[in-house]
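Student: Sharing a structure, written as structure tokens. Questions coming.
The values are calculated or read from the model by the stated rules, or taken from the named source; none is laboratory data. Computed from a prediction, not measured in an experiment: that's the story for all the values here. FYI the Cβ positions are ideal-geometry reconstructions off the backbone, even for glycines, and counts take in every protein chain you see.
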Amino acid sequence: MDYFRKNSGTGAKKKSSTPIRMKIILGVIFVLFGLLIGQLAYLQLGYGSKFKAEVEKTDSTVVSSQVPRGVMYDSRGRVLVGNKANNAITYTKGASTSTSQVYQISTALSNYISITDEKPTSEMLAEYYLADQANSTKIQAKLPKAQQADSENLTQNLIAEVKREKLHYTAKQKTAAIIFNKISGAYTLSTIYVKNKNLTDRELALVGEHLSELPGVGIGTDWERSYPNGSSIQSIIGSVSTEKSGLPSDNLHYYLAQGYSRNDRVGTSYLEKEYEALLKGSKSENQIITKSNGDIKQTKTVYKGQAGASLVLTIDAQYQKKVQAALKSVYQSALASGAATYSNGAYAIAMNPQTGALLAVAGLSHDPDTNKTVDNALGVINQSFVMGSVVKGATVAGGLINKVITPYSNTMPETPIYLPGSAVKKSVYPIGTFSSLDAETALEVSSNIYMMHLALNWVKAKYVPKQYISMPDNAFEILRRNFNMFGLGQKTGVDLPGETAGIQGRSYDSNGNLLSGSLLDLSYGNYDAYTPIQLVQYISTIATGGYRVQPYIVQSIGQTSSNGKKVYISYDKKPNVQQQIPWTRAELNVVRTGMYRVVHGTNGWGTAHFLKDVKPSISGKTGTAQTFYYNPKHPNSKNTRELINATFVGFAPSNKPKLAVAVVFPGLDPDLEGKYTLQVAKAMVQDYFKLYK
């Protein structure tokens, strides 16, 4: 009984203590919930707007885009190089775009466009295939466990396995692979062209209808260079890199420092490269606003950019076509006759002698092995040839300026030069044809003997026929300095990159002995090599009475109006006189008279009577230089066939020159020389004065 009472008392005690503990626990919980609710209320009321802004936070980035390059016009306002606008499908990559998203966009876009002018590589196809997680999992399961565990090389192992599978891809999948490759390679927030060529109206419409399903995809306009007046001088105009090739690797850091993007298009050669800073224009700037998750929310144009500056060239497109056509026609006749079988091309250049403006620049390159001929206007500044007697005007001028001869006393004996142990050095006509010649007649009949005697006296050589010859160590320097004065043997300064100075022959043999015979060859143009543009500068110097002007091809720079009908000029080139020849009027007249008689003289040995009836009258000088066939593809070939370089320089009208020309036909058969250079020169003069009456 006592036991039960005891237990009863214990139970009652427990029953009375339990509610107290629960009350304490519940009280603590209630307090904590209260504090939590209070804190939430405090945060909601005090910082709610701040947190909302954080969630909706956006980031703003300014991205620049290229604008159309500047247009190039000819001297009469015709477009030589323009921009052809093309519709394009673009893609702007978001800040957090995943590979899976790129795969989905590429696959979807391939339903609306096709790319047939590009072929995907096996690597591109494999990467696209593996971008699908299901495909990647399936291929990974086929790899050996060791390769599956090799995380460093897993991607390459997967690609290799896909290639081994030799999967068949549909046309759509190939297009998708190309798109995937382009998009994957895009920089964050940069805009690329997915398709910018041969985009059909149907493709454009389909993409436009589904833009909401294609994040980052847009419709825009791209441009490419066009040549509405032909491409005969495209080698001088130069070229522009593609978006795919982007910046040239050899100047990558320079361009990046200038604010270019890696896939920007830039001028890579000649005028396009020389005037890149002006032609590129100023990029447009777009503000891209992205959400906190990296998706693009909005794109706004903050600066529409400025199209590149326009260049107005000195070239007349119509005259250029005529000169190029004449050169091609005459050269084809030389090939047909067998005269140019081993020739490597032909060149013609026309210049305004008073200003230096280049009026036409034409060139051809010929491969004797394949007999193929292609345009190469650039050869006028970077191809050098031994030019022959065309330079004799500079030799006579040097003799006059240095008082070796005078306008009133300039007769030299027409006695051949006999150097010890060497073949006789003479003119083309038989020995004894003339007993002596004055300077004007020497130019008219193109006497080599006269030039050699003049050089001997000029450098104060000691000479005994067949026995002895001695010249001062500076003999070559004396003659070359004189030729340089007229622009021969040095760069003209034309506003084109890549100009060469010509080729200078050796002055001494391997034993240190002065090459006296070579100096005599130099005096009549049969030693050093010059470029065609140097020839036209040289003859222009004589045409102007002694002012050597710098040749140029860009006349002015400006900005084309929005309607494309007017160019607002901001810079206009002025003639630049590089040197004035220090001769007297009488000395100049000796050279000018001789060159007039080359064409209009009555001597039977005159070399350019073919041009006598051309109106207006031409003064000039022909040239023939000995050379040998050299095949760069077979440098050790023993085929040393003897050839000649045929040349002509001239100006018209003879009394008040407005046009200077130079024509070079290198590597002709000496037995079939013909009058090819004179035929081209005749056409150049007649065509010019028909256009500019």
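Student: Under 8 Å between Cβ atoms, which residue pairs at least 6 apart in sequence (or on different chains) link something in segment 482-504 that is closer than 13 Å to Y270 by Cα and in contact (Cβ under 8 Å) with a residue 60 or more places away in the chain with a partner that is buried (at least 18 other Cβ atoms within 10 Å of the Cβ) and of a type in the set (K, R)?
Tutor: Here the result reads P497/K273, each pair linking segment 482-504 to a residue that is buried (at least 18 other Cβ atoms within 10 Å of the Cβ) and of a type in the set (K, R).
Student: Could you say whether any residue in segment 164-181 is within 22 Å of I89 (Cα to Cα) and among the aromatic types (F, W, Y)?
Tutor: Yes, segment 164-181 contains at least one residue that is within 22 Å of I89 (Cα to Cα) and among the aromatic types (F, W, Y).
Student: Please report, ordered by residue number, the helices (runs of 4 or more DSSP H) entirely within segment 410-525 with at least 1 residues that are farther than 28 Å from M351 by Cβ and of a type outside the set (S, T, Y). Spell out how you get there, then give the answer.
Tutor: Numbers: elements: 439-445, 448-458, 475-485, 516-523.
Filter on segment 410-525 gives 448-458, 475-485, 516-523.
Per-residue answers, yes or no, for (1) aromatic (F, W, Y); (2) modelled with pLDDT of 90 or more; (3) over 27 Å from K197 (Cα atoms):
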| position | (1), (2), (3) |
| --- | --- |
| Y103 | yes, yes, no |
| N111 | no, yes, no |
| I115 | no, yes, no |
| P120 | no, yes, no |
| M124 | no, yes, no |
| Y128 | yes, yes, no |
| D132 | no, yes, yes |
| N135 | no, yes, yes |
| I139 | no, no, yes |
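Student: Out of segment 481-524, which residues are surrounded by 18 or more Cβ atoms within 10 Å (Cβ to Cβ), out of contact with any Phe, Trp or Tyr (no Cβ under 9 Å at 6 or more places or on another chain) and of a type in the set (V, I, T)?
Tutor: T492
Student: Before we move on, is L437 under 19 Å from A608 (Cα atoms) and in contact with a strand residue (DSSP E or B) (Cβ under 8 Å, 6 or more places away or on another chain)?
Tutor: Working: under 19 Å from A608 (Cα atoms): yes; in contact with a strand residue (DSSP E or B) (Cβ under 8 Å, 6 or more places away or on another chain): yes.
Here the answer is yes, as L437 does meet what is asked.
Student: Scan segment 69-81 for residues that are over 14 Å from G238 (Cα atoms) and in contact with a Ser or Thr (Cβ under 9 Å, 6 or more places away or on another chain) and report the count.
Tutor: Filtering segment 69-81 down to residues over 14 Å from G238 (Cα atoms) leaves 73-79.
Applying the additional criterion that residues be in contact with a Ser or Thr (Cβ under 9 Å, 6 or more places away or on another chain) yields 73-75, 79.
Counting residues in segment 69-81 that are over 14 Å from G238 (Cα atoms) and in contact with a Ser or Thr (Cβ under 9 Å, 6 or more places away or on another chain) gives 4.
Student: Would you please name the residue that is nearest to the chain's Cα centre (by Cα), looking only at residues in segment 248-292 that are at pLDDT below 80 and more than 19 Å from A186 (Cα to Cα)?
Tutor: Ranking the qualifying residues of segment 248-292, first place goes to K291.
Student: Within segment 374-382, is even one residue more than 21 Å from L335 (Cα to Cα), touching a His at 6+ places or on another chain (Cβ under 7 Å) and of a type outside the set (D, E, K, R)? Outline the logic, then answer.
Tutor: The first filter runs over segment 374-382 and keeps only residues more than 21 Å from L335 (Cα to Cα), leaving 378, 381-382.
The next check asks that each one be touching a His at 6+ places or on another chain (Cβ under 7 Å); those that pass are none.
Checking segment 374-382: not a single residue is more than 21 Å from L335 (Cα to Cα), touching a His at 6+ places or on another chain (Cβ under 7 Å) and of a type outside the set (D, E, K, R).
Student: Is it true that A205 is modelled with pLDDT of 80 or more, among the aliphatic types (A, V, I, L, M) and over 21 Å from the mean Cα position of the chain (by Cα)?
Tutor: Working: modelled with pLDDT of 80 or more: yes; among the aliphatic types (A, V, I, L, M): yes; over 21 Å from the mean Cα position of the chain (by Cα): yes.
Yes; evaluated as a whole, the condition is true for this residue.
Student: Only one of Y596, Y629, Y571 is out of contact with any helix residue (DSSP H, G or I) (no Cβ under 6 Å at 6 or more places or on another chain), of a type in the set (S, T, Y) and under 20 Å from Y347 (Cα atoms); which?
Tutor: On the way: Y596 fails: under 20 Å from Y347 (Cα atoms); Y571 fails: under 20 Å from Y347 (Cα atoms).
Only one candidate qualifies: Y629.
A quick yes/no check of all residues on (1) over 20 Å from T370 (Cα atoms); (2) more than 27 Å from the chain's Cα centre (by Cα); (3) of a type outside the set (A, V, I, L, M); (4) modelled with pLDDT of 95 or more:
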residue	(1), (2), (3), (4)
K322	yes, no, yes, yes
K328	no, no, yes, yes
Q332	no, yes, yes, yes
S337	no, yes, yes, yes
N344	no, no, yes, no
Y347	no, no, yes, yes
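Student: Right, something else. Could you tell me how many of the residues in segment 302-324 are under 30 Å from Q679 (Cβ atoms) and assigned to a loop (DSSP other than H, G, I, E, B)? Don't jump to the end; show me each part of the working.
Tutor: Going through segment 302-324, the residues under 30 Å from Q679 (Cβ atoms) turn out to be 313-324.
Right, trim to assigned to a loop (DSSP other than H, G, I, E, B) and you get 314-316.
Residues meeting the conditions: 3.
Student: I'm told D473 meets every condition in (1) loosely packed, with under 13 Cβ neighbours inside 10 Å; (2) more than 19 Å from Y508 (Cβ to Cβ) except one. Can you identify the failing condition by its number?
Tutor: The failed condition is (2).
Student: Considering only residues that are out of contact with any helix residue (DSSP H, G or I) (no Cβ under 9 Å at 6 or more places or on another chain) and within 17 Å of G216 (Cα to Cα), which ones fall in segment 80-95?
Tutor: Of segment 80-95, the ones out of contact with any helix residue (DSSP H, G or I) (no Cβ under 9 Å at 6 or more places or on another chain) are 82-86, 88, 90, 92, 95.
Selection gives A88, T90, T92, A95.
Student: For the subset of segment 148-201 comprising residues that are in a loop (DSSP other than H, G, I, E, B) and among the basic types (K, R), which member is surrounded by the most Cβ atoms within 10 Å (Cβ to Cβ)?
Tutor: Our first condition is that a residue be in a loop (DSSP other than H, G, I, E, B); within segment 148-201, this holds for 150, 166-170, 185-190, 196-200.
Keeping just the survivors that are among the basic types (K, R) gives 166, 197.
Values: K166: 7, K197: 13.
Checked segment 148-201; the qualifying residue surrounded by the most Cβ atoms within 10 Å (Cβ to Cβ) is K197.
Student: Take the residues of segment 214-237 that are closer than 11 Å to V81 by Cβ and of a type in the set (S, T, N, Q): which is modelled with the highest pLDDT?
Tutor: S226
Residues checked against (1) without any contact (Cβ under 8 Å) to a residue 60 or more places away in the chain; (2) within 30 Å of G77 (Cα to Cα); (3) acidic (D, E):
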site: E209; (1), (2), (3): yes, no, yes
site: R225; (1), (2), (3): no, yes, no
site: K244; (1), (2), (3): yes, no, no
site: L247; (1), (2), (3): yes, no, no
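Residue by residue, here is whether (1) more than 42 Å from the chain's Cα centre (by Cα); (2) closer than 22 Å to A608 by Cβ holds:
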{"residue": "V391", "(1), (2)": "no, yes"}
{"residue": "K425", "(1), (2)": "yes, no"}
{"residue": "I431", "(1), (2)": "yes, no"}
{"residue": "L456", "(1), (2)": "yes, no"}
{"residue": "V459", "(1), (2)": "yes, no"}
{"residue": "A475", "(1), (2)": "no, no"}
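Student: Then there is this: Kindly indicate whether any position in segment 675-689 is at pLDDT below 95 and out of contact with any Cys (no Cβ under 7 Å at 6 or more places or on another chain). Even if it seems obvious, please write down each step before you answer.
Tutor: Taking segment 675-689 first, the residues at pLDDT below 95 are none.
The answer is no; no qualifying residue exists.
Student: Give just the number: which of (1) modelled with pLDDT under 95; (2) within 32 Å of the chain's Cα centre (by Cα) does N511 not satisfy?
Tutor: Condition not satisfied by N511: (2).
Student: Counting just the residues of segment 216-259 that are touching a Gly at 6+ places or on another chain (Cβ under 7 Å) and assigned to a loop (DSSP other than H, G, I, E, B), which one comes out nearest to I179 (Cα to Cα)? First the steps, then the outcome.
Tutor: Taking segment 216-259 first, the residues touching a Gly at 6+ places or on another chain (Cβ under 7 Å) are 216, 219, 226, 228, 238, 240.
Filter again for assigned to a loop (DSSP other than H, G, I, E, B), leaving 216, 228, 238.
Details: G216: 13, P228: 32, G238: 30 Å.
Out of the qualifying residues, it is G216.
Student: Follow-up. State whether one or more residues within segment 74-87 are in a loop (DSSP other than H, G, I, E, B), among the charged types (D, E, K, R), buried (at least 18 other Cβ atoms within 10 Å of the Cβ) and modelled with pLDDT under 90. Write out each step before concluding.
Tutor: First, the residues of segment 74-87 that are in a loop (DSSP other than H, G, I, E, B): 74-78.
Those still in the list that are among the charged types (D, E, K, R) too: 74, 76, 78.
Narrowing further to those that are buried (at least 18 other Cβ atoms within 10 Å of the Cβ): 74.
Add one more test, that the residue is modelled with pLDDT under 90, and what stays is none.
So far as segment 74-87 goes, no, none of its residues is in a loop (DSSP other than H, G, I, E, B), among the charged types (D, E, K, R), buried (at least 18 other Cβ atoms within 10 Å of the Cβ) and modelled with pLDDT under 90.
Student: Please go through segment 660-693 and pick out each residue that is crowded, with 24+ Cβ neighbours inside 10 Å and not in a helix (DSSP H, G or I).
Tutor: Correct list: A660, V661, A662, V663, V664, F665, P666, G667, L668.
Student: Then there is this: In segment 354-374, which residues are surrounded by fewer than 24 Cβ atoms within 10 Å (Cβ to Cβ), under 27 Å from the mean Cα position of the chain (by Cα) and within 23 Å of R76 (Cα to Cα)?
Tutor: Within segment 354-374, T355, A357 meet the criteria.
Student: Among the residues of segment 375-384, write down those that are surrounded by fewer than 24 Cβ atoms within 10 Å (Cβ to Cβ) and of a type outside the set (D, E, K, R). Explain how you work it out, then say what you get.
Tutor: So the first thing to find is which residues in segment 375-384 are surrounded by fewer than 24 Cβ atoms within 10 Å (Cβ to Cβ), and the list is 375-376, 378, 382-384.
N376, L378, N382, Q383, S384, listed by residue number.
Student: Still on this model: Cβ-Cβ under 6 Å, sequence separation 6+ or interchain: first residue in segment 426-440 and within 25 Å of P407 (Cβ to Cβ), partner aromatic (F, W, Y) and surrounded by 19 or more Cβ atoms within 10 Å (Cβ to Cβ). Which pairs?
Tutor: L437/Y450
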